[in-house]
Amino acid sequence: MTTVQTCLWFDGRIDEAAEFYVSLIPGSQILSRSEYNAADGPPGGPDLTGEALTVEIELGGVPYILLNGGPLFPLTEAVSISLTVEDQAEVDRLWEALIADGGSESQCGWCRDRFGLSWQVVPRRLLELLHGEHAVAVSRAMASMSKLDVAVLEAAASRSD
């Protein structure tokens, strides 16, 4: 049987990242952890024996593997985790947690956490509004935001009548 999971390449701190990520989303868990041994490190590189090599997690039922691969391939916004949430309270909770302690805001509901991983925090209502007759007005409102605000998106939809 073939299994599919996304591998996210980190430069250290994957135990901390895994704990943080599973704390954000109900029903999430750490599945397994592997460690470097003396033979795994690059020749002439640092001894990583005992440090996490991989941590497998499940976020809301979706599997991921965090790889402590070093600085060669840094995380970019080319890969992000998209979270579709029920309401503004959940947008606010996740947004504040993700940008805390060194994370940063981006545009249109995107942000980056303190480990460098990009996230999209999307209220379900936005998806509904983008499929309606007010999609252009809602898209314009969304483009002006960092964290998405459902009330502002709904107001944009009602103004376009």
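Of the residues that sit in region 1-23 and are assigned to a helix (DSSP H, G or I) and out of contact with any strand residue (DSSP E or B) (no Cβ under 8 Å at 6 or more places or on another chain), which one is surrounded by the fewest Cβ atoms within 10 Å (Cβ to Cβ)?
Ser23
When region 51-90 is filtered for residues that are outside the structural domain of Lys147 (by TED's automatic domain parsing), under 30 Å from Arg124 (Cβ atoms) and part of a strand (DSSP E or B), the ones remaining, listed by number, are Val55, Glu56, Ile57, Glu58, Leu59, Val62, Pro63, Tyr64, Ile65, Leu66.
Among the residues making up region 24-50, a single one is part of a strand (DSSP E or B) and β-branched (Val, Ile, Thr): Ile30.
With the structure loaded, tell me whether Leu98 is in contact with a strand residue (DSSP E or B) (Cβ under 6 Å, 6 or more places away or on another chain), assigned to a strand (DSSP E or B) and farther than 15 Å from Val150 by Cα or whether it fails that test. Answer is no for this residue.
Would you point out which residue out of Arg140, Arg159 is modelled with pLDDT under 95 and exposed (fewer than 15 other Cβ atoms within 10 Å of the Cβ)? Sole residue among the options that is modelled with pLDDT under 95 and exposed (fewer than 15 other Cβ atoms within 10 Å of the Cβ): Arg159.
In region 141-159, the residues that are assigned by TED's automatic domain parsing to the domain that holds Leu98 reach residues that are among the small types (Gly, Ala, Ser) and at pLDDT below 95 with C-beta atoms within less than 8 angstrom, at least six apart or across chains, in these pairs: Ala157/Gly132.
The values are calculated or read from the model by the stated rules, or taken from the named source; none is laboratory data. Please read these numbers as outputs of a predicted model, since none were measured by experiment. Reconstructed Cβ throughout: ideal geometry from the backbone, glycine too, with neighbour counts over all protein chains shown.
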